[in-house]
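A.B. asks: Attaching a single structure in structure tokens format; questions to follow.
What follows draws every value from the coordinates through simple rules; no lab data is involved. No experiment lies behind these values; they were computed from the predicted model shown. With ideal geometry, Cβ positions are generated from the backbone for all residues, glycine too; neighbour counts draw on all protein chains shown.
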Amino acid sequence: MEATAEPVLYHKLQIWEPSMESEEEEEEEGTSEPLVLSLRRPLDVPGNKVGGLPGAWARLVAALLLLAVSCSLAVRQLQHRGSLTGKLASMAPPASVHSHPTGVYHHGAIISPAGGCQGGEGSGVTCPRPLPHNNPFLTAAICSHLGQELLAAGGNVVDAGVGASLCLAVVHPHATGLGAMFWGLFHNNSSANATALTSGPAQILAPGLGLPTALPALHLLHAHFGHLPWSHLLMGPTMLAQEGFLVDASLARALATQGTKGLCPLFCHADGTPLGLGDRATNPKLAAVLRKAALAPTPALAGDELLNLLSRDLGLEEPLARPTPTLVPALQFSMTQGILFTTPGPSAGPELLALLKTALHSREPSPDLCPPLLKNTVTPVSSILATVDSSGTMLLLTSSLNSSFGSGHMSPSTGVLLSDLVDRSATSAWACPLILRVSSDDTEADVMGLVASGTPRMAGAMTHALLSHRARPQTHTHQQHQPQPQQGPTESSSTCGQGTLLQVAAHAEHSHVSSVPSGCCPFQGF
């Protein structure tokens with residue numbers, strides 16, 4: 001039975017030219033031809049030999065040679081066109097580059113005080129030693145980087161702020177953590193309203209130990225205003241706790257001052273000495289708590305499980321209380337420059353507004369808003385961050401364990417440091433975030449936010465900063481009500497010589513971030 005020769009279709013190789021583009025369809029119709037190979041023709045028939053080779057094989061070799069020549073011509077022409085394109089590009093005028101000053105971004109930005117070392121974009125400060133692992137979160141701006149990743153992933157300022165706060169809870173255990181209390185101030189640009197977050201009054205978990213409120217408070221904020229799934233926000237902090245993070249300057253100073261009591265083995269070397277700048281720390285128990293919180297059917301169950309673990313560590317039959325975080329309307333105060341928003345009591349927000357009202361209505365020279373501290377004044381340790389988008393929506397968060405490392409009691413089952421915030425009536429002097437909106441009904445109005453950490457007199461420092469801005473000369477009438485967010489607060493007049501002040505703003509459809517002292521806090525945006 002003879003084999004039947006089947007037609008094999010091929011396309012003639014064409015070298016593309018711009019003039020041929022319109023004729024492409026017509027060319028396709030006429031370039032297919034049958035090539036028939038006889039599979040049974042005798043190879044030794046003299047009439048089938050050309051130059052000593054069988055006729056069929058000769059035709060096949062000829063076709064392959066033609067294909068090779070065509071390919072060579074095509075490559076040479078493409079190289080010629082590429083060379084020509086390169087020459088034309090080099091002759092063309094350079095495209096204009098759209099750039100911004102340091103700390104100015106198109107879409108959104110976040111600033112926080114934590115990193116693998118003290119430094120950030122534009123600060124000129126670099127980490128003192130190589131990073132130990134190829135981990136994207138082991139960078140000079142750990143929590144700001146995580147917040148920026150959440151923004152770039154489609155999250156909003158609440159997603160970025162909550163994710164970065166949970167990151168700070170891992171890498172700054174001396175100032176914040178799952179055992180800390182939180183205050184927040186959220187400004188919604190579309191509604192021109194501001195909402196305050198409070199953890200509720202300080203409550204006792206056990207004698208001398210404060211009730212942990214971070215998880216329920218941050219989840220409440222996210223449930224109302226966040227966009228990304230709750231579990232997505234916990235991925236980065238969980239990875240940091242499990243795989244490790246670098247001890248930055250702030251944590252290294254706190255460890256050197258505090259000593260190792262109650263903090264080993266998590267923050268100590270094998271010989272019991274505290275970890276230093278650039279050393280790697282891990283907290284696998286805390287990672288397990290965060291992982292369970294991410295997978296729990298409801299955050300309430302995750303919070304209850306954390307309380308149950310803490311109670312077991314403390315030998316309690318059951319927790320004495322449950323967290324009661326709230327979202328309430330922010331305090332408001334109208335002034336010439338616009339509307340001010342801050343947090344209600346027992347934060348220092350009411351004190352801040354009282355100082356502003358007194359200063360604005362007084363005809364006397366501005367009082368000294370940074371008086372010396374009393375000798376017995378206790379300085380709380382707090383953590384701050386701020387995030388903003390170009391529309392004017394922003395979130396300011398501040399939290400505290402009260403003392404450095406809180407009570408110093410670390411739960412062995414959870415890796416959580418409990419606070420020593422136990423006085424229900426005490427004022428949270430470390431909490432006084434402030435937002436200034438220049439118009440109540442213009443959704444494109446400039447918005448500026450200030451949040452500070454440091455001493456109890458930071459309310460006076462922020463008042464001083466705002467009044468200093470108000471006193472700046474205006475060169476154009478239409479700028480009279482603009483907060484000029486592109487200009488950061490002056491260091492001498494904003495912090496009373498101590499503490500940290502973060503400023504974020506939305507101006508001219510861009511996000512602006514800055515800090516005092518300059519370069520203290522890494523920021524990132526896009």
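A.B. asks: Suppose each label sits 7 Å from its Cα in the direction of the beta carbon; what would the PHE526-ALA256 distance come out to in nanometres?
C.D. replies: Modelled inter-label distance: 3.7 nm.
A.B. asks: To continue, here is another question. At LEU327 and LYS357, where each label point lies 7 Å from the Cα along Cα→Cβ, what is the point-to-point distance in nanometres?
C.D. replies: In this crude label model, LEU327 to LYS357 measures out at 2.8 nm.
A.B. asks: Another one. With a Förster radius of 30 Å, plug the Cβ-Cβ distance of THR336 and SER190 into 1/(1 + (r/R0)^6) and report the FRET value to the nearest 0.05. Please report the intermediate quantities before stating the final value.
C.D. replies: Values: r = 25 Å, r/R0 = 0.83.
With R0 = 30 Å, the Cβ-Cβ based efficiency is 0.75.
A.B. asks: About the Cα centre of the stretch 187-333, what is the dipole size in debye to 20, counting +1 per Lys and Arg Cβ and -1 per Asp and Glu Cβ, all else neutral? Walk me through the numbers before you get to the answer.
C.D. replies: Details: 8 positive and 9 negative charges, 24 e Å.
Roughly 120 debye for the stretch 187-333.
A.B. asks: Give me the one-decimal nm value for the distance between modelled label points at HIS269 and GLU444, 7 Å along each residue's Cα-to-Cβ direction.
C.D. replies: Output for this residue pair reads 6.0 nm.
A.B. asks: Could I ask something else about it? Quick check for me: using +1 on Lys/Arg Cβ and -1 on Asp/Glu Cβ, what's the dipole size of the stretch 251-325 about its Cα centre, in debye to the nearest 20?
C.D. replies: Details: 8 positive and 7 negative charges, 48 e Å.
Around 240 debye, computed over the stretch 251-325.
A.B. asks: Moving on to the next point. Filter the trypsin sites (Lys or Arg not before Pro) in the stretch 186-291 to those in DSSP coil with at most 14 other Cβ atoms within 10 Å of their Cβ, and list the result.
C.D. replies: Details: sites: ARG253, LYS261, ARG280, LYS285, ARG291; in loops: LYS261.
Sparse-neighbourhood loop trypsin sites (Lys or Arg not before Pro): LYS261.
A.B. asks: If we count every other residue with Cβ under 13 angstrom of ASN283's Cβ, Lys/Arg +1 and Asp/Glu -1, where does the sum land?
C.D. replies: Values: positive: ARG280, LYS285, ARG291; negative: GLU243.
Overall, the nearby charge balance is +2.
A.B. asks: Provide the gained length on full extension for the span SER413 to GLU509, in nm with one decimal, where the gain is 0.36 nm per separating residue minus the Cα-Cα distance. Don't skip to the answer; put the middle values down first.
C.D. replies: Values: separation 96, 0.36 × 96 = 34.56 nm, distance 4.72 nm.
The SER413-GLU509 span can extend by a further 29.8 nm.
A.B. asks: Which whole-number value in Å³ per residue fits the convex hull of the alpha carbons of the stretch 285-327?
C.D. replies: 81 Å³
A.B. asks: Cut-off is 10 Å between beta-carbons; in what order do ASP423, ASP248, ASP279 appear when sorted fewest neighbours first? Don't jump to the answer; show the numbers that get you there.
C.D. replies: Numbers: ASP423 13, ASP248 23, ASP279 19.
Least crowded to most crowded, the residues run ASP423, ASP279, ASP248.
A.B. asks: Semi-axes, largest first, in whole Å: what does sqrt of 5 times each Cα gyration tensor eigenvalue give for the stretch 209-300? List each step's numbers first, then the result.
C.D. replies: Working: eigenvalues 173, 40, 31 Å².
For the stretch 209-300, the ellipsoid semi-axes come out as 29, 14, 12 Å.
A.B. asks: Which whole-number percent of Cα pairs in the stretch 162-229 have a distance greater than 18 Å?
C.D. replies: Working: 987 of 2278 pairs.
Beyond 18 Å sits 43 percent of the P(r) for the stretch 162-229.
A.B. asks: Based on the mean of other beta carbon atoms within 10 Å per residue, what is the order of 333-343, 307-317, most packed first? Working shown, then result.
C.D. replies: Working: 333-343: 19.3, 307-317: 15.5.
Going by the mean number of other Cβ atoms within 10 Å, highest first, we get 333-343, 307-317.
A.B. asks: Next question, about the same structure. Can you tell me how much longer the chain between THR427 and GLU317 gets when fully stretched, taken as 0.36 nm per residue apart minus their C-alpha distance, in nm with one decimal?
C.D. replies: Numbers: separation 110, 0.36 × 110 = 39.60 nm, distance 3.03 nm.
Taking 0.36 nm per residue and subtracting the Cα distance, the gain is 36.6 nm.
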